[in-house]
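Below you'll find the structure, written out as structure tokens, and then a few comments.
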């Protein structure tokens, strides 16, 4: 049997289909539905006829229930993602220099999703890492102190093309003040 090398051995790898995202928006929507449903019961009790809410609003308990189930499902999915990433980093003894794409391929996760999980784990103090400013590789076990530049303006949520970085001494994506020149931000790993 021929052993495949490099990225070819992960070419047909399964990728997680579910998303990794904050569940707070889902729970906020569920709370709104629940509030309107409870308000409809109040209106029904005191015979208040505001847009007929007393007669149809209590049906919102049903979607509220399913929205909350979706929120808890997202929380569980996020927990699974974090466990997979923690295990992958633990197999590397929480240290060393690696390509983010190789770790993502190994665990079947898109690099952008892996990066979001890593950021959450670092923010909670579970993992320590930074990025090599020249190669963009992740350096496990190395801490970095985030220093926001005073000139930093957060970019829009959707970025169509790379932001201009010429003449700026900070990362235009996360605002980290750059102490040395390099092609990558040591804090977020963005290509500068």
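The values are calculated or read from the model by the stated rules, or taken from the named source; none is laboratory data. Fair warning: this is a prediction, and the values are worked out from it, not measured in the lab. In this analysis, Cβ positions are derived from the backbone assuming ideal geometry, glycine residues included, and neighbour counts consider all displayed protein chains.
Filter the range 113-139 down to the residues that are surrounded by fewer than 16 Cβ atoms within 10 Å (Cβ to Cβ) and without any contact (Cβ under 8 Å) to a residue 40 or more places away in the chain and list them by number.
Correct list: 123, 124, 125.
Return the residues of the range 140-177 that are touching a residue at least 24 places away in the same chain (Cβ under 8 Å) and over 16 Å from residue 119 (Cβ atoms); say none if nothing qualifies.
141, 147, 149, 162, 165, 177
Answer yes or no as to whether residue 34 is surrounded by 15 or more Cβ atoms within 10 Å (Cβ to Cβ) and either in contact (Cβ under 8 Å) with a residue 24 or more places away in the chain or not in a helix (DSSP H, G or I) (or both). Full working, then the answer.
Values: surrounded by 15 or more Cβ atoms within 10 Å (Cβ to Cβ): yes; either in contact (Cβ under 8 Å) with a residue 24 or more places away in the chain or not in a helix (DSSP H, G or I) (or both): yes.
Spelling it out, residue 34 is indeed surrounded by 15 or more Cβ atoms within 10 Å (Cβ to Cβ) and either in contact (Cβ under 8 Å) with a residue 24 or more places away in the chain or not in a helix (DSSP H, G or I) (or both).
Return the residues of the range 76-100 that are surrounded by 14 or more Cβ atoms within 10 Å (Cβ to Cβ) and out of contact with any strand residue (DSSP E or B) (no Cβ under 9 Å at 6 or more places or on another chain); say none if nothing qualifies.
77, 78, 81, 82, 84, 85, 86, 88
Mind listing just one residue for me: the one in the range 41-54 that is without any contact (Cβ under 8 Å) to a residue 12 or more places away in the chain and in a helix (DSSP H, G or I) and, of those, surrounded by the most Cβ atoms within 10 Å (Cβ to Cβ)?
Kept after step one, since they are without any contact (Cβ under 8 Å) to a residue 12 or more places away in the chain, are these residues of the range 41-54: 42, 45-52.
Remaining after also requiring in a helix (DSSP H, G or I): 42, 45.
On the way: 42: 12, 45: 9.
Out of the qualifying residues, it is 42.
Here's the yes/no breakdown for (1) surrounded by fewer than 13 Cβ atoms within 10 Å (Cβ to Cβ); (2) modelled with pLDDT of 90 or more; (3) touching a strand residue (DSSP E or B) at 6+ places or on another chain (Cβ under 9 Å):
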{"position": "57", "(1), (2), (3)": "no, no, no"}
{"position": "67", "(1), (2), (3)": "no, yes, no"}
{"position": "102", "(1), (2), (3)": "no, yes, no"}
{"position": "111", "(1), (2), (3)": "no, no, no"}
{"position": "144", "(1), (2), (3)": "no, no, yes"}
{"position": "156", "(1), (2), (3)": "yes, no, no"}
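Being out of contact with any helix residue (DSSP H, G or I) (no Cβ under 8 Å at 6 or more places or on another chain) and more than 29 Å from residue 24 (Cβ to Cβ) is the filter here; which residues of the range 95-124 pass it?
Passing the criteria: 95, 96, 97, 98, 99.
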